[in-house]
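Student: Quick one: the structure is below, and I'll ask about it shortly.
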């Protein structure tokens, strides 16, 4: 294990980081640099250790973990107490034989089979390096142990997947995929699920109808105006409920919809009857 972790200077300018609160930035930086991290970016760490090292209580740690899992930045398994940082290899990959050997050893220690599978597939897909899966214990001699250890967790995960399939409408998944493809990005499974969930929250928690959400976003994806345009701003559905300084109390989606209504006002509804979120604006208030 290294005695230090490198943090790329672009960390503070990353569009995802800019939108985080100071508390969230601190915790994410902690997840990348704490004493349990390893070369693979997937490691065991308990709530108690996170509380002790950050000074946060259990409720705050749980809240922050839930936030980063929700936006697709990390995965966390309560059963095995493991964290995986999904973009870890983007900044820490090396073709050095010593580093690759270290990553293989780290993967052998992963108890969550889904995390291990994701790492192996990502390394092969992104870097063209095939991990020697024959030497990975969870693939062979420890396979039965892994099955027994995670039998209950697998049942729970299966139930969660079924619930997600029921409660997240198909239109949310389809629209989330459109947004990612607009940014020339093929989303990973966890990113697509996180984005679809945010779209569903816009309907479920913010009170917008599916038709209202789809029309505004599809218009935004077609918006190619010179200067500011929404097509260049719609890169991830996971950020559509974020608020930004200078944008009032409106979320990114609400700013988009307000601009959409400015260009496409509902003819049958007088302006004085529209909600405050739907009033025309002289210019968009959201720009990244």
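The values are calculated or read from the model by the stated rules, or taken from the named source; none is laboratory data. All figures in this text were calculated on a predicted structure; none of them were measured in a lab. Note: ideal-geometry Cβ built from the backbone for every residue, glycine included; neighbour counts use all protein chains shown.
Student: Of everything in region 104-117, what is assigned to a helix (DSSP H, G or I) and in contact (Cβ under 8 Å) with a residue 40 or more places away in the chain? Give them in sequence order. Working first, answer last.
Tutor: First, pick out the residues of region 104-117 that are assigned to a helix (DSSP H, G or I): 104-108, 113-117.
Matches in region 104-117: 106, 107, 114, 115, 116.
Student: Can you find even one residue in region 153-169 that is outside any helix (DSSP H, G or I), farther than 30 Å from residue 254 by Cα and modelled with pLDDT under 85?
Tutor: Going through region 153-169, the residues outside any helix (DSSP H, G or I) turn out to be 168-169.
Within this subset, residues satisfying the condition of being farther than 30 Å from residue 254 by Cα are none.
Scanning region 153-169, I find no residue that is outside any helix (DSSP H, G or I), farther than 30 Å from residue 254 by Cα and modelled with pLDDT under 85, so the answer is no.
Student: Moving on. Buried (at least 17 other Cβ atoms within 10 Å of the Cβ), at pLDDT below 90 and either assigned by TED's automatic domain parsing to the domain that holds residue 200 or not in a strand (DSSP E or B) (or both): is that true of residue 89 in this structure?
Tutor: Working: buried (at least 17 other Cβ atoms within 10 Å of the Cβ): yes; at pLDDT below 90: yes; either assigned by TED's automatic domain parsing to the domain that holds residue 200 or not in a strand (DSSP E or B) (or both): yes.
The answer is yes for residue 89.
Residue by residue, here is whether (1) in a helix (DSSP H, G or I); (2) modelled with pLDDT under 90; (3) in contact with a strand residue (DSSP E or B) (Cβ under 7 Å, 6 or more places away or on another chain); (4) not assigned by TED's automatic domain parsing to the domain that holds residue 117 holds:
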| site | (1), (2), (3), (4) |
| --- | --- |
| 176 | yes, no, no, yes |
| 180 | yes, yes, no, yes |
| 187 | no, yes, no, yes |
| 200 | yes, no, no, yes |
| 215 | yes, no, no, yes |
| 269 | no, yes, no, yes |
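Student: Then there is this: Please work out if residue 33 is over 25 Å from residue 236 (Cα atoms), touching a residue at least 24 places away in the same chain (Cβ under 8 Å) and loosely packed, with under 15 Cβ neighbours inside 10 Å.
Tutor: Values: over 25 Å from residue 236 (Cα atoms): yes; touching a residue at least 24 places away in the same chain (Cβ under 8 Å): yes; loosely packed, with under 15 Cβ neighbours inside 10 Å: yes.
Criteria met by residue 33.
Student: Hey, among 265, 237, which residue is farther than 22 Å from residue 175 by Cα, surrounded by 11 or more Cβ atoms within 10 Å (Cβ to Cβ) and either outside the structural domain of residue 196 (by TED's automatic domain parsing) or modelled with pLDDT of 55 or more (or both)?
Tutor: Details: 237 fails: farther than 22 Å from residue 175 by Cα.
The match here is 265.
A quick yes/no check of all residues on (1) within 18 Å of the chain's Cα centre (by Cα); (2) over 24 Å from residue 186 (Cα atoms):
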site	(1), (2)
58	no, yes
71	yes, no
86	yes, no
93	no, no
119	yes, no
125	no, no
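Student: Hey, could you check region 42-82 for residues that are assigned to a loop (DSSP other than H, G, I, E, B) and in contact (Cβ under 8 Å) with a residue 60 or more places away in the chain and say which is nearest to residue 111 (Cα to Cα)?
Tutor: Restricting attention to region 42-82, the residues satisfying the condition of being assigned to a loop (DSSP other than H, G, I, E, B) are 45-46, 55-57, 71-73, 78-81.
From what's left, in contact (Cβ under 8 Å) with a residue 60 or more places away in the chain: 71-72, 79-80.
Values: 71: 23, 72: 20, 79: 9, 80: 6 Å.
Among those residues, the one meeting the criterion is 80.
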